[in-house]
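In what follows, a structure is listed as structure tokens, so that the remarks can point back to it.
Quick note: the coordinates plus some simple rules give every number you see, no bench work behind them. Here the structure is a predicted model, which is why all the values come from computation and not from measurement. Cβ coordinates were reconstructed from backbone atoms using ideal geometry, including for glycine residues, and neighbour counts include every protein chain displayed.
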Amino acid sequence: MELLAAIGRVAATAIHNAQLFEREKTLLREREEFVSLVAHELKNPLAAIMGYHQIATRRLRPHDDGLRRPLRVIAEQTERLNRLVEDLLDLSRVDAGRLSLERKPVGLALLIRETVDQQQVQTAFHRLEVKIIPPLPPIVADKMRIGQVLQNLLANAIKYSPNDGMIEIRASEWLADDGRWPAHVCHLASRHERWAVVEVQDHGLGIAPIDLPKVFGRFFRAEKTIEEQIPGAGLGLSICAELIHVHGGLIWVESTLGEGSTFAFALPAQETGEGG
Ligand code: ADP
């Protein structure tokens, strides 16, 4: 009798847990549906603002100089809102397990150069210097998503370096037993023999040791960033981490407050006969 009662209790707990799990899944699905509905409702007016902004910019006359700055601000702020909406959509997709990847062989060197060029035109003060050591190992990944990660890291390097314009982007092959892996990542590197590693180094604000473990968390913003009143929502890096993890990769940061930060990610090399 006792044994049966014990089995009954265990079974009841299991059923309860399964019900909770189902409810959680339903809630996540409902949240994703809600976020995507709101996101699409926001995107339409944003697209209209951008459209009218372009028309207004085209119609500017030489003596309309006073309007150029307000129009630039409209473009920047609309772009920020757009980014925020996209980030919220990505996060809800991740939570609902609906982030789909289009994995194909990716020319990483070209992707780096293209993304750096896009970011370089956004800033006159910063100099983005690319150092790629060939040959990079072949990788199979979602090009758009890896570009998004890189773009985020570059945009952050620019945003959080108000006083020093030098930003270096390095890419090379690292082996599992490479001496360059930082201590807290080293034990994970043995998962694959060869990796493609991309690093983005800035000489900006840097991050305090107490904040370092939290930077990839959702909505986290470092103390220093808030003090300096640099705008942001604390979402970009958490999305980067999700995107790199779904690729089986690693992402990390090393930083010294007041000296700068190096954000890096590693993607496993495609082994012969693996993937397509
Ligand atoms: P956001 O930049 O929108 O706040 P992120 O998720 O991209 O969000 O970054 C989270 C936080 O990590 C930032 O608010 C900032 O405090 C810190 N951070 C990110 N990148 C850097 C960097 N290159 N230098 C210094 N701090 C950074």
Taking a 30 Å limit on the Cα-Cα distance, which of the listed pairs Lys131/Lys159; Lys159/Lys214; Lys143/Lys224 fall beyond it?
Lys143/Lys224
Sequence of Val10, Val246, Val149, Val253 once ranked by neighbouring C-beta atoms within 10 Å, starting from the fewest
Val10, Val246, Val253, Val149
Where the centroid of each part is defined by its Cα atoms, how far is segment 1-62 from segment 193-230 in Å?
27
Using the crude model of +1 on Lys and Arg Cβ and -1 on Asp and Glu Cβ, and no other charge, please compute the dipole size for the chain relative to its Cα centre, in debye to 20.
800
Computed label-point distance, nm, for sites Glu173 and Val10 using a 7 Å Cα→Cβ extension:
5.1
Which residues does a label at Ile210 reach in segment 223-242, if reach means a backbone N under 11 Å from a point 7 Å past the Cα toward the Cβ?
223-224
The relative contact order of the chain, taking Cα pairs under 8 Å that sit 6 or more residues apart, comes to a percentage of 16
For Gln118 and Phe219, extending 7 Å from Cα along the Cα-Cβ vector and measuring point to point gives, in nm, a value of 2.8
Report the convex hull volume per residue for the chain, counting only C-alpha atoms, in Å³.
195
Antiparallel versus total DSSP beta bridges in the chain: what percent is that, nearest 5?
80
Extended-chain gain in nm, criterion 0.36 nm per residue less alpha-carbon gap, Met144 and Ile230
28.3 nm
What is the sum of charges, Lys and Arg at +1 and Asp and Glu at -1, for the other residues whose Cβ falls under 11 Å from the Cβ of Leu46?
0
